[in-house]
Structures are given as C-alpha cells and as structure tokens.
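The values are calculated or read from the model by the stated rules, or taken from the named source; none is laboratory data. These numbers come from a predicted model, not from an experiment. So basically every Cβ, Gly included, is an ideal-geometry build from the backbone, and we count neighbours across all protein chains shown.
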Amino acid sequence: MNYFESQLRAKTKELEKTKDELQDKKRKLTGLLSSKTTYVIRTDLQGNYTYVNESFIDTFSHVHGHAEELIGHNSMLSIYGPDRGKVEQLIFELLNKPSRTIQIELRKPLSNGEFRYTMWDFSCLMDAAGNPFEIQCIGVDITRKKENELHLRNLSHAVEQSPATVMITDIHGNIEYVNAKFTEATGYTESEVLGKNPRLLNSGKQTKAFYTDLWGTITSGHSWKGEFHNRRKDGKLFWESASISPLKDEDGNITNYIAVKEDITDKVKSLTKIEALLSEKERQNKRLTNFTHIVSHNLRSHSANMEAIFTLLELDHKEIVNNPYIEMMRVSADRLKETIDDLNTVLDISMVDTDAWAFISLKDEAKAAWSSISQLACDAGVKLYNHVPDGFTIRIIPAYLKSILLNLLTNAVKYKSNSPEPYIRLGAYVSEDRYHLIVSDNGIGIDMNMHGDKVFGMYKTFHERPNSKGLGLYMVKHQVEAMGGEISLESLPDKGCTFTISIPR
C-alpha cells in the first residue's frame, strides 16, 4: 500500500467518523426539537422569531399564536411578558460574550391569568466565521418544582413556628432535627442535641418496658401515642404528650422517625389536684353518709320511744292523754317521724348507683308507672295519653326514671282540673345530644309569678290538698340533675302544667 492509499483510507475513516457524529447530533437535535417536555425557540439578533417547536406551540399558542403567526415577528412582547426587562439585559450580556450559555427563570402567562414557571438556557448560534447569527432558547417547565418548593417552604415555616415540639431522628434514634419549640421546652439548643439520642431527656421515672413497647411499635411501622415524664436541661421534670410515627420512602422502608410533642405539665398538675380533691370529696361524702345513717338511726330510736310512751299513756293514764299539751307533744312526735321518713327517702335516692345506666323503653316504663296508680287515676277520672313513639329507648338510671314518672303522674292526678275530661299527655323526642321527655296536663296549674322561684323546693306546696308534703318535685329535680339533665315548668292557674325534662345522650 502506497502513501497516497493510506492517506485516502485515513481520510475516509475520519469522514465516516464525522458523518456518524453528525448523525448522532442530528438524532439528538431532532429528539430535542420534537420533545413534548422541552420548549425550543430561535430568534435573529433583533429578537424576531425564526423557529418554534411543537411543544412550545402546544403549550402557549393561546397566548402567542401558531407557528406561522410567530415567524418573523418580534418575541419581546409575546414570549417574555412581565420578565421582558430581565431578558433584554440577558441578551445584551450574551451578545457581548456569545460563546457562553446563560440560564434564566421566566414566568409564562396562561389564558386564565396564571403563570407557568420555566427555566431557559440562552445561547448564540455561530456561523462558520465564528460570528453569532441567531439566539437559541431551550426551556423546560418547572411549575411543579416551584410548587413543591413553596409547599416545602411553607411546611418548614409551619414546623419551625409550631407551638408543638417537633423532633426527627434517624432509624437508630439519633436526633437529626428539632424545632425552636424543642429548645423552649427542654432547654437544649439544636447544636447540643444533633446526633444524640433522645434518652438525654430521660428522667428515670418510666420503666424499661415502657420504652420497649414504644420502640416495638414504631419499628414495626405503626404510630405510638403516649406520655413522657422527662427532665429538662436544668433538671426540672416536665410532662409531654407525644405522637411518634415512622417516615417511609417510596418502597415502604423506614428512613426516619418523627415525634410531635406537647408540654402537658400544667394539665397533669391540674388533674393531680382534681384527683386529690375528688378523693377528699369522696371521703367527706362517705363520712357524711355514715353520719346521716347514724343520725337517722338515733332519731328513729328516739321517735319510737316517744311513740311507745304515748301508747303506754293511752293505756294507763287516759286522763293525761286528753291534756292539750300532751296532744301537742304527740303531734310534734308524729311530724318528727314523718320528717325522718322523708329525709330517709331523699337519702335512699342519693345512694342509688349512678353507674347503673341502662337503655329503657320509655313507653313501657310509663305504662308500668301508670298501672301502679291506676286505681287513683280511675277514681279521679283522669286519662293518660301516651304519645311516646313505639321503640323509643332512653339511656337513663332506671330507678330515677321510675321515681320521676311516678311523682309527675301522681301529682297530675292529685291536682287534676274540675273539667269533665281531665287528662295527662306524655311525649318524647330526641335532639342532637339530648333526650326530651314532656309531661303535660290540663289540671289546676300553678301561679308561676307567685311561686316560680320555689316550685322545686323541699316542702313547698301550692294548693290545699290533704297529704301534700311538697317533696315530690324536689326529688324529681334532684334526680334529673344527678343525671346531668335539666327540668323546666310552664304553667298557668287553671290551664295545667307542662314539665320538660332533658337528659344528655
């Protein structure tokens, strides 16, 4: 092979290599120009469009028009919009040094008034002599990235300014982040705790099993909630309510743990005081109950002795019994016995187990109460209209419900009207958070202007009736309020009474 043949072959190989490189660049350029996610624009040095790719037209034709409408027209007013000043300055710098590429972020307006955020590379296209003849702009949409950055920035500000303590650790429990509230709550600065384990807050007040349960829960991928009794940097103890959750990557692997905690020291102190007060109140109530039983027993004994003495006097000294002073003493003794019986009745009501709540059929319970006074109602000619819906159940203390119905129905019969058709109506309904029971009658009623403030008082009577003690409404109110409820009365003389009782659901 002579010299010329070898040179020819070398040149041929070089040309083939150059051809392959050009083909590769052509493929890349074609791919770039046809890309659905990349915008390509070229302008002459005066800013007039010479080329726009389909991706740009598809996205912004509603603002800038189609390709045939753009070519030859100036780009400064249409493409750059509110960022025109920045672009003019960029092109000035680029033409002064055309060999470089300058990157810029621009806002592109949409038809609805919003913007697309885009990132562009501006560069000059050079002719064979090395002089710029066009400006090429290649851009991508970064709107989602900007939104994510804004979201992360807002989230970061929220965490930093949160009133709760936020702490993030790695999978081994070493602290990687704490917010400002952490320093306020614990006294430790961020630099003092980064890389360390949260056990530096351990007060020794909680057991090893407590922490074993915590770590077992979060390492298995679940959230843990509980309370810490921790120690501040200055040695003071404090309580925290905490929620600790694992953070996972896209594959579901735990990468970190995040703890959100609230200082509840004041709440715990308040609860401790309340528990102490309740405990003392319970002891006082127990002592008062014992005292009441003792007094009741002793008074009953004395009352029984007095009754026995009067019985002996009647048998052996009848002439003394007729003495007016002896008669006054006997009446006083009888009233003392009645008072003791009444007080014991009230005490028995107070001693009902208030935990014994149950769902009761109100209609059936009303029928049972009415049945127990049926003879009294029949003699008085009073009718009961039971409008309680079938299947209506009420969660209540059964013993209280029986007593309430019996007292209200009995009173309505005793204080019936003189009309030919005396009646009692019973109804019920449920609101969002309460049961409502309504008992109304057309009886002789009560003058509320005169007696409204003492209707539910003990030993308060408002009509001259035999055997009226004024104890029934007192007990009803006491029982309703013991269940967290309320009772009200609307009444007019000779128009009857309407009692409304509401009990929390």
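Only one of the numbered conditions (1) exposed (fewer than 15 other Cβ atoms within 10 Å of the Cβ); (2) touching a strand residue (DSSP E or B) at 6+ places or on another chain (Cβ under 9 Å); (3) not aliphatic (A, V, I, L, M) is violated by Thr272, and that is (2).
Taking the range 473-505 only, how many residues are part of a helix (DSSP H, G or I) and in contact (Cβ under 8 Å) with a residue 12 or more places away in the chain?
9
Could you say whether any residue in the range 125-133 is farther than 26 Å from Ile254 by Cα and touching an Asp or Glu at 6+ places or on another chain (Cβ under 6 Å)? Within the range 125-133, one or more residues are farther than 26 Å from Ile254 by Cα and touching an Asp or Glu at 6+ places or on another chain (Cβ under 6 Å).
Pairing each residue of the range 370-386 that is touching a residue at least 40 places away in the same chain (Cβ under 8 Å) with any residue that is in a helix (DSSP H, G or I) and of a type in the set (S, T, N, Q), provided the two are 6+ apart or on different chains, yields C-beta distances under 7 Å for Ile373/Thr410.
Kindly indicate whether any position in the range 273-289 is modelled with pLDDT under 75 and among the β-branched types (Val, Ile, Thr). Within the range 273-289, one or more residues are modelled with pLDDT under 75 and among the β-branched types (Val, Ile, Thr). Going through Lys367, Lys363, Lys261, Lys267 one at a time, which residue ends up being exposed (fewer than 14 other Cβ atoms within 10 Å of the Cβ), modelled with pLDDT of 70 or more and among the charged types (D, E, K, R)? Every option except Lys267 fails the conditions. Taking each residue of the range 215-233 that is within 18 Å of Asp170 (Cβ to Cβ) and looking for partners that are of a type in the set (Val, Ile, Thr) and surrounded by 14 or more Cβ atoms within 10 Å (Cβ to Cβ) with beta-carbon atoms closer than 6 Å, six or more apart or interchain, yields Ile218/Ile244; Trp224/Thr217; Trp224/Ile218; Trp224/Ile244. In the range 144-184, the residue that is modelled with the lowest pLDDT out of those that are in contact with a helix residue (DSSP H, G or I) (Cβ under 8 Å, 6 or more places away or on another chain) and of a type in the set (Gly, Ala, Ser) is Ser162. Based on this model, can you work out whether Leu384 counts as assigned to a helix (DSSP H, G or I) and not polar (S, T, N, Q)? No, not satisfied. Step by step: first the residues of the range 168-201, then only those that are part of a loop (DSSP other than H, G, I, E, B) and among the small types (Gly, Ala, Ser), then the one that is farthest from the chain's Cα centre (by Cα). Which residue is that? The extreme case among them is Gly195.
For the range 107-116, the count of residues that are in contact with a Phe, Trp or Tyr (Cβ under 6 Å, 6 or more places away or on another chain), modelled with pLDDT of 80 or more and surrounded by 15 or more Cβ atoms within 10 Å (Cβ to Cβ) is nonzero.
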